[in-house]
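> The structure follows.
What follows is calculated from the coordinates using simple rules that are stated; it is not laboratory data. These numbers come from a predicted model, not from an experiment. For neighbour counting, all protein chains shown are included, and Cβ atoms are generated from backbone atoms with ideal geometry for every residue, glycine included.
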There are 4 protein chains.
Amino acid sequence: MTTYYKGFPQSTREEKLHMVNLDELEHEAKYVMPEAAYYYVASGAENEWTWRNNTQAFNHFQIVPRALTGMQNPELNTEFLGMKLKTPVMICPIACHGIANAEAEIDTAKGAKAAGALFAMSTYANKSVQEVQSAVGDSPRFMQLYLSKNWDFNKMVIEESVKAGFTGFFLTVDALVSGYREANLRTNFTYPVPLAFFNEWNGGKGEGQSVAQMYASSAQNIGPDDIRKIKEIADVPVIVKGVECAEDAMLAIGTGADGIVVSNHGGREVDGAPATIDVLPEIAKAVRSCDHRVPIILDGGVRRGSHVFKALALGADLVGIGRPFLYGLALGGAQGVQSVIEQLNKELLIDMQLTGCKTIEDIKHAKIDHINYSADW
Amino acid sequence: MTTYYKGFPQSTREEKLHMVNLDELEHEAKYVMPEAAYYYVASGAENEWTWRNNTQAFNHFQIVPRALTGMQNPELNTEFLGMKLKTPVMICPIACHGIANAEAEIDTAKGAKAAGALFAMSTYANKSVQEVQSAVGDSPRFMQLYLSKNWDFNKMVIEESVKAGFTGFFLTVDALVSGYREANLRTNFTYPVPLAFFNEWNGGKGEGQSVAQMYASSAQNIGPDDIRKIKEIADVPVIVKGVECAEDAMLAIGTGADGIVVSNHGGREVDGAPATIDVLPEIAKAVRSCDHRVPIILDGGVRRGSHVFKALALGADLVGIGRPFLYGLALGGAQGVQSVIEQLNKELLIDMQLTGCKTIEDIKHAKIDHINYSADW
Amino acid sequence: MTTYYKGFPQSTREEKLHMVNLDELEHEAKYVMPEAAYYYVASGAENEWTWRNNTQAFNHFQIVPRALTGMQNPELNTEFLGMKLKTPVMICPIACHGIANAEAEIDTAKGAKAAGALFAMSTYANKSVQEVQSAVGDSPRFMQLYLSKNWDFNKMVIEESVKAGFTGFFLTVDALVSGYREANLRTNFTYPVPLAFFNEWNGGKGEGQSVAQMYASSAQNIGPDDIRKIKEIADVPVIVKGVECAEDAMLAIGTGADGIVVSNHGGREVDGAPATIDVLPEIAKAVRSCDHRVPIILDGGVRRGSHVFKALALGADLVGIGRPFLYGLALGGAQGVQSVIEQLNKELLIDMQLTGCKTIEDIKHAKIDHINYSADW
Amino acid sequence: MTTYYKGFPQSTREEKLHMVNLDELEHEAKYVMPEAAYYYVASGAENEWTWRNNTQAFNHFQIVPRALTGMQNPELNTEFLGMKLKTPVMICPIACHGIANAEAEIDTAKGAKAAGALFAMSTYANKSVQEVQSAVGDSPRFMQLYLSKNWDFNKMVIEESVKAGFTGFFLTVDALVSGYREANLRTNFTYPVPLAFFNEWNGGKGEGQSVAQMYASSAQNIGPDDIRKIKEIADVPVIVKGVECAEDAMLAIGTGADGIVVSNHGGREVDGAPATIDVLPEIAKAVRSCDHRVPIILDGGVRRGSHVFKALALGADLVGIGRPFLYGLALGGAQGVQSVIEQLNKELLIDMQLTGCKTIEDIKHAKIDHINYSADW
């Protein structure tokens, strides 16, 4: 069940997970992942307030069950920028899946495909875009971009990705430097497995680098022009990832963004940033009031079908998960990733039936109460 | 004190309970009920937020004691749809009382009768409507309906119930599928004792079935027409159970409902649904502003006389209990059920005296403060 | 240090207390008082929410320190209905001080006198009004009234009290029956020492009676006429104790009350009643808008100089303490009671200096912030 | 690593600190400082609500990350009353640094200078103003004033300070008497090391005195005239320290104050005083609406770069720290003090990059959300 890359142990598990809920996976992954790798995932910036609050803040919103709707057999199918998806749950980018499983992004892509979910792969992936293409063909997938200071590198990433069937980009704008992540300092975390784009390009860069070192080569001053530059290189959708206010959503749309991800990078950057679910309503309102309506993705703290429901009801079109799928990857490979998505699907379908929502579109009109006390047991 | 049905141990206790409060019963019931049966009752959906919040949210409302009222000897008598009741506390439907006591619904009905309380029996009862009728004659009682996909079955349930002295129906509309109840998954719960209606009709169905299997045969697409269909079969009051917003209360009234139960199924269906006491005021306001005023029942988290008081003061006409009476049934049979109701009566009478409320009607005009902080120690 | 009344151990301690704060006394009193007596004091009704919230709710209000006031040497002297007092802290009525100390109300009266504080003695006192008079002469003191159903008894209490130098009454209107106090049920508490008025009148009644039995002989239907009746018997001030809303404050004033006590009986009656500090502002506003302005006393949860300050700033003229002085009585007799009051004085004087309040009157204009979150660590 | 002053152990550590965060220092300082000295620092008044709430209340405000700002290389340089500083973090006055390190204020001044931070030294310093001047030349530094009842003493302190290169004063107005600090009572704390100004002037006063004794000789009735008197003695800036409302900020400005410190003396005076971050916005609004705009400093509970950011964004020009630098002094002398400031700088720079704030001035226009729930895990 384990292989080794230069001494670093990697899970080789491939199995369906029989979980009761996603929170269990965080506990179980501790027994599979090395400590530094585990805490690279299971941690946030500074006091980890934002990390934890992302999940807790879902309690501020209540799903109102509906009566006498005469509805049955709700359906999860949805469309996103022309892609047909089987679930509104998507796989958000995380660097270096090889810390969880030897098959790394190949298995993640397979799991997402099996579940019919959109997969966004990180620039810091261990597997190359060609390897992923060989494994999953034309599955729905996007590439995430950490822009480098070096535009030759950026051009290479963009062009190779498009050639390898990644049909759009997530441009990360909320992680221009590394957040102050104490867990990484305590464990002296460095990326233990080569990052495909970097090794090809720079002969080994990536492997053995700390998070701070990786960020040192990335661009800090990302602005509207960068979106235009990306589009000049490849005429595909560019989604701006890491927006937490209406102003920035509109700025992104103005620059030509084809969508936005309401995200605080999983509480890994600014500690004290608002929970994404708390800012989603205001952002969704602004985006919808705009002629050039673009889709919205929310990520941050999603662990339950009811979280997915609340995010959709408050304005999201897709709902991203991060840490949980990586635990699934560690515990079950491609099937583990699929199991994680299907667990959320299962819980979500129950809430859809009980609120009379036949389709994902219907959820966007569901009734949500807002009682602003915490009740955070 | 114990008998066995095909190896499943059933309490045969019959005694008055000398409890200090209802919370004690949850702890004591653990020693009487088998684990899977106990957790079938003592659990909620997903994270159990709604289950726990149902009780905690009563703290959001404060009872204002009143001075110089010149009142004494408050009275609990009340009327509900023409029935004379000795208490505003009622027994809400729970499936399969045989998990708590060998006498099952017969004892529950006896206990309710002794206390002068309305009893609503589940479609999933272990005892037949005829057995209950033999035991309690013309006690005030309603039948709960889980509509089946099969209307021949529904017709049979409705007609037999009416024939056996059940003078109205609670139509459950908030549990069209099973909520995601982790406790049942962990214990592999199946109904251990035959469910009377199902065994008569289908030769053994019910017994040994999981909750999910039972729901599979029930109707998911319940709508306004179903209320009309029920009324065509039997011209008796139909109360819609499982309403958490004013819109649905009005829809139910529009379809001809004779009352509504503000309920989230005890936090067993949508986790993240609002506490019933939090939504009651808005529902009561809507219902009262309507010509066709119907009575309102609230259930969810009621454990104290002060909870009953708050629910009545905020718009309920009756206040239902669920889990506590089942613990009473396990610990003391019919007398246990009676003890549970009388404990709430005792606590309620003190609050009535101290707020100057002579009658249940007076409580509906009591002064309630609302300080929206949790203070949930 | 201990004597026995028919086997019931009574403290005979007489000493100054070297406490750091009042909360310490609750812990120490456990070693001095028998269990049932201790929990008779250290408990509240039902879930004890109101008991605990009385203290916690002081956190909802913040004292704003003031700069450049040019003030020094603040003073605690105050007047109340013509009485000159050395502190705004007063001793509120509690039954049966003999559970804390063999000298019972005699020592309480002595301690209050030494501190220059108003003492209100309970109808259920162990010591007679004559014994108290012999001990403390013309100290400032009032008698509390639990009205009996028997007006001959009430007349006797009123007339003997006035004759013995009690210059006014606290008419208790918030405890017409006993609250649901679980601690008393668990310990089978009965009054272990004779209650002076009852023994004189009824030959032993009081001693050995439960709280519920005592209340059984008291009047439940107290109304406006009772205030008038008391005034006909003795033309002295009558203060209505147990008001938690503006409506009742005005009703009491209308009936001729000479003052009101904002109180919920220390959380011992209606559990779920608002914290007294939460309702004080609205009551004070109503009372002050009225021509016939009467003084206001607040009790409930006062444990700190900052609590006294907040109560005065939000509208109280005096601030009563209950449980803490009884612990002081158990641990140090008359000097213990005095120590408790002086501890609050010491803390209060610091807050007065730091807010520029020279006098108790100045506190009534102090600036208070209100941030409605709990922060109840 | 330890020397002794008349038996009192003093750290002589001089080293850079390799901390992960400032909270760690509080735990580590326990092993270096004697118990009474440690708790003199690590404690607050009464229930310590204000002490703890100063830090917790930062959670009420959220930093909104910004996207597409096109910014890089943020800078910490700032100006304050004409002084060039390398950081907006400053060292707020604490008495008797000799409890932390034998080099006392000399090391603090060196550490502050190395970090380019403003240092405000206490009247109760162990080292003389001349000793500090010898050590750090013309570093940016102010003297704090506890006004004595004796103006000859005050004149001496002011004149000697100015002569020794202290270019302005912090006039403390929020600590006219000692707050009720239980920790000091429990440990019988007295100042263990001579206080320079007091020993020179009074032959040994200071050393061996309790906090209460020290305050006994200080002026309680500080008012507007005192600011004018100080300015007559020395024509340098006077900053009023200890303001928690807009009214007092304006009063201070009216008297000629050149700045204000929003402070509650670290929760050591009025317990129940508001958190400084909670009152800052209203004070900043008032001060900015005034022609005679003066700078604002905030202290109280600052432990994180994100706290510094929030304070600047809500209206502060500088942000003071107290306890943390003293722990740094105990653990690492001058380098320890420098390390503490640089840790905050490091965290702050990350938040500046992620919010697009190039300069300290930019932070003052940053977007802050306010969700008024506690979420205080």
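> Among the residues of segment B:183-207, what is the count of those that are part of a helix (DSSP H, G or I) and either crowded, with 18+ Cβ neighbours inside 10 Å or more than 10 Å from chain A (Cβ to nearest Cβ) (or both)?
10
> Within segment A:2-19, which residues are assigned to a strand (DSSP E or B), touching a residue at least 60 places away in the same chain (Cβ under 8 Å) and touching a Ser or Thr at 6+ places or on another chain (Cβ under 7 Å)?
Of everything in segment A:2-19, those that are assigned to a strand (DSSP E or B), touching a residue at least 60 places away in the same chain (Cβ under 8 Å) and touching a Ser or Thr at 6+ places or on another chain (Cβ under 7 Å) turn out to be A:3, A:10, A:11.
> Restricting attention to segment D:261-273, which residues are more than 19 Å from residue C:304 (Cα to Cα) and either in a loop (DSSP other than H, G, I, E, B) or touching an Asp or Glu at 6+ places or on another chain (Cβ under 6 Å) (or both)?
Correct list: D:263, D:265.
> Moving on to the next point. Any residue in segment B:55-79 that's under 18 Å from residue C:251 (Cβ atoms): show its pairings with residues that are in a loop (DSSP other than H, G, I, E, B) and among the polar types (S, T, N, Q) at Cβ separation under 7 Å, as long as the two are six or more apart or on different chains.
Partner pairs satisfying both residue conditions: B:65/C:264; B:68/C:255; B:70/C:221; B:71/C:221; B:72/C:220; B:72/C:221.
> Please count how many residues of segment C:274-291 are in a loop (DSSP other than H, G, I, E, B), within 14 Å of another protein chain (Cβ to nearest Cβ) and within 15 Å of residue C:247 (Cβ to Cβ).
Residues in segment C:274-291 being in a loop (DSSP other than H, G, I, E, B), within 14 Å of another protein chain (Cβ to nearest Cβ) and within 15 Å of residue C:247 (Cβ to Cβ): 1 in total.
> Residues that are β-branched (Val, Ile, Thr) and under 21 Å from residue C:340 (Cβ atoms): does segment C:57-77 have at least one?
No; the residues of segment C:57-77 include none that is β-branched (Val, Ile, Thr) and under 21 Å from residue C:340 (Cβ atoms).
> Check whether at least one residue in segment C:21-44 is within 22 Å of residue C:345 (Cβ to Cβ), touching a Gly at 6+ places or on another chain (Cβ under 7 Å) and assigned to a loop (DSSP other than H, G, I, E, B), and report yes or no.
Checked segment C:21-44: no residue is within 22 Å of residue C:345 (Cβ to Cβ), touching a Gly at 6+ places or on another chain (Cβ under 7 Å) and assigned to a loop (DSSP other than H, G, I, E, B).
> Of all residues being within 14 Å of chain C (Cβ to nearest Cβ) and under 18 Å from the mean Cα position of the chain (by Cα) in segment B:53-71, which is farthest from residue C:268 (Cα to Cα)? Just the residue, please.
B:55
> With more than 16 Å from residue B:70 (Cβ to Cβ), in contact with a Lys or Arg (Cβ under 9 Å, 6 or more places away or on another chain) and either of a type outside the set (S, T, N, Q) or in contact (Cβ under 8 Å) with a residue 60 or more places away in the chain (or both) as the only criterion, which of C:247, C:207 stands out?
Result: C:207 is the single residue among C:247, C:207 that is more than 16 Å from residue B:70 (Cβ to Cβ), in contact with a Lys or Arg (Cβ under 9 Å, 6 or more places away or on another chain) and either of a type outside the set (S, T, N, Q) or in contact (Cβ under 8 Å) with a residue 60 or more places away in the chain (or both).
> Take the residues in segment D:123-160 that are without any contact (Cβ under 8 Å) to a residue 40 or more places away in the chain and within 20 Å of the chain's Cα centre (by Cα); name whichever of them is surrounded by the fewest Cβ atoms within 10 Å (Cβ to Cβ).
This residue is D:138.
> Would you kindly identify the strands (runs of 3 or more DSSP E) lying entirely within segment D:58-117 that contain at least 1 residues that are surrounded by fewer than 21 Cβ atoms within 10 Å (Cβ to Cβ)?
Strands (runs of 3 or more DSSP E) meeting the threshold: D:78-80, D:83-85.
> While we're on this one: Taking into account only those residues within segment A:208-266 that are of a type in the set (S, T, N, Q) and in contact with a Phe, Trp or Tyr (Cβ under 6 Å, 6 or more places away or on another chain), which is nearest to the other protein chains (Cβ to nearest Cβ)?
Restricting to residues being of a type in the set (S, T, N, Q) and in contact with a Phe, Trp or Tyr (Cβ under 6 Å, 6 or more places away or on another chain), the top hit is A:218.
> Can you find a residue in segment A:217-228 that is of a type in the set (Lys, Arg) and farther than 30 Å from residue A:55 by Cβ?
yes
> For segment C:170-192, state whether one or more residues are touching a helix residue (DSSP H, G or I) at 6+ places or on another chain (Cβ under 7 Å), within 18 Å of residue C:141 (Cβ to Cβ) and touching a residue at least 40 places away in the same chain (Cβ under 8 Å).
yes
> Something else: Write out, first by first residue and then by second, each pair whose Cβ atoms fall under 8 Å of each other, whose residues are 6+ apart or on separate chains, and whose first residue, in segment B:351-368, is in contact (Cβ under 8 Å) with a residue 12 or more places away in the chain while the second is of a type in the set (D, E, K, R) and surrounded by fewer than 23 Cβ atoms within 10 Å (Cβ to Cβ).
Sorted first by the residue in segment B:351-368, then by its partner, the pairs are B:352/B:358; B:352/B:362; B:355/B:367; B:356/B:362; B:358/B:75; B:359/B:75; B:360/B:75; B:367/C:247.
> Where residues in segment A:158-178 are in a loop (DSSP other than H, G, I, E, B) and among the small types (Gly, Ala, Ser), which of them is nearest to residue A:83 (Cα to Cα)?
Selected residue: A:168.
> Restrict the check to segment C:300-313 and report whether at least one residue is of a type in the set (D, E, K, R) and within 26 Å of residue C:38 (Cα to Cα).
yes
Per-residue answers, yes or no, for (1) surrounded by fewer than 24 Cβ atoms within 10 Å (Cβ to Cβ); (2) closer than 18 Å to residue D:89 by Cβ; (3) more than 8 Å from every other protein chain (Cβ to nearest Cβ); (4) among the β-branched types (Val, Ile, Thr):
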| position | (1), (2), (3), (4) |
| --- | --- |
| D:322 | yes, yes, yes, no |
| D:325 | no, yes, yes, no |
| D:329 | no, yes, yes, no |
| D:333 | no, no, yes, no |
| D:345 | yes, yes, yes, no |
| D:351 | no, yes, no, no |
| D:354 | no, no, no, no |
| D:357 | no, yes, yes, no |
| D:363 | no, yes, yes, yes |
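> On to the next question. Out of everything in segment D:34-50 that is more than 10 Å from every other protein chain (Cβ to nearest Cβ) and surrounded by fewer than 24 Cβ atoms within 10 Å (Cβ to Cβ), what residue ends up being farthest from residue C:59 (Cα to Cα)?
Applying the filter and picking the extreme gives D:34.
> Tell me the residue from A:258, A:271 that is among the acidic types (Asp, Glu) and either under 26 Å from residue A:47 (Cβ atoms) or free of Cβ contacts under 8 Å to residues at least 12 places away in the same chain (or both), please.
A:271
Here is a yes/no grid of residues against (1) more than 30 Å from residue A:56 (Cα to Cα); (2) under 19 Å from the mean Cα position of the chain (by Cα):
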site	(1), (2)
A:226	yes, no
A:241	no, yes
A:253	no, no
A:264	no, yes
A:281	no, no
A:290	yes, no
